[in-house]
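Taken together, the values in this text are just the output of simple stated rules run on the coordinates, not laboratory data. Remember, it's a predicted structure, so these values are computed and weren't measured experimentally. Positions of Cβ are generated from backbone atoms using ideal geometry, with glycine treated the same way; all protein chains shown enter the neighbour counts.
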Amino acid sequence: MKTIELNHPLIEHKLAILRDKKTGTKEFRELISEIAMFLCYEAMKNAKLDDVEIETPLTKMKTKKLNEDRYAFVPILRAGTGMLDGVINVVPNAKIGHIGMYRNETTFEPVNYYFKVPKDIEKREVIILDPMLATGGSAVDAIELLKAKGVKKIKFLSIIGAPEGIQRVEKEHPDVQVYCAHIDEYLNETKYIVPGLGDAGDRIFGTK
């Protein structure tokens, strides 16, 4: 599946503030959450709805509702948790899993250290959260961990994507739909996205 990039003036506006090195921790964290909500909105565009009957103050009616129990959000620690509040605003009853990874600063490859998901994860559509899709290493590893658990339907939400990482995910997991707020230019020699926004985890949690 070809990666879907959100092209919208509001997203572009929020990204401009997010990228600015002068943007403080509080505002940065809020913007990550807001953009995640837009991404989730787009990712849920074709969600299946169930037929239900409700009663308004005036009459009974047949309508449609989302079965939130069909979904799980899985942020990649630690930066992915910054997107969690935004997506939970959209689907508040979805279950939450966590995948812990950090980047080996010599090889630039992800190192897995934690994996905890709902016990019935294979019955759910899983939406992975990670603000930066750089080399694609973490994304591919996370997808493979979930597929090993029997998950059949996976989507991946990212604030900023690099062409290199996007191409890797599309090649290795063509069944996984990727959504990015913006696709940037390239990865530099230290595998950071350019122009990017720096280290999303450090800026979300104020650790630098």
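The strands (runs of 3 or more DSSP E) located wholly in segment 41-85 that include 3 or more residues which are crowded, with 16+ Cβ neighbours inside 10 Å occupy 71-77. State yes or no: is K21 touching a residue at least 40 places away in the same chain (Cβ under 8 Å) and exposed (fewer than 12 other Cβ atoms within 10 Å of the Cβ)? Against the criterion (touching a residue at least 40 places away in the same chain (Cβ under 8 Å) and exposed (fewer than 12 other Cβ atoms within 10 Å of the Cβ)), K21 qualifies. Residues of segment 190-208 that are under 16 Å from the mean Cα position of the chain (by Cα) and among the β-branched types (V, I, T): I204 alone. Pairs meeting the criteria (first residue in segment 123-151 and of a type in the set (K, R), second residue not in a loop (DSSP other than H, G, I, E, B), beta carbons under 6 Å, at least 6 apart or on different chains) are R124/R70; R124/Y71; R124/A72; K149/I121; K149/E122. Checked against the criteria, I204 counts as closer than 25 Å to N93 by Cα and either assigned to a helix (DSSP H, G or I) or in contact with a Ser or Thr (Cβ under 9 Å, 6 or more places away or on another chain) (or both). Restricting attention to segment 24-47, the residues that are of a type in the set (V, I, T) and farther than 30 Å from K208 by Cα add up to 0. K153 falls short of the stated requirement of being surrounded by fewer than 19 Cβ atoms within 10 Å (Cβ to Cβ), in contact with a Phe, Trp or Tyr (Cβ under 8 Å, 6 or more places away or on another chain) and more than 22 Å from L31 (Cβ to Cβ). Can you find even one residue in segment 178-196 that is outside any loop (DSSP other than H, G, I, E, B), in contact with a helix residue (DSSP H, G or I) (Cβ under 7 Å, 6 or more places away or on another chain), among the β-branched types (V, I, T) and surrounded by fewer than 23 Cβ atoms within 10 Å (Cβ to Cβ)? Checked segment 178-196: at least one residue is outside any loop (DSSP other than H, G, I, E, B), in contact with a helix residue (DSSP H, G or I) (Cβ under 7 Å, 6 or more places away or on another chain), among the β-branched types (V, I, T) and surrounded by fewer than 23 Cβ atoms within 10 Å (Cβ to Cβ).
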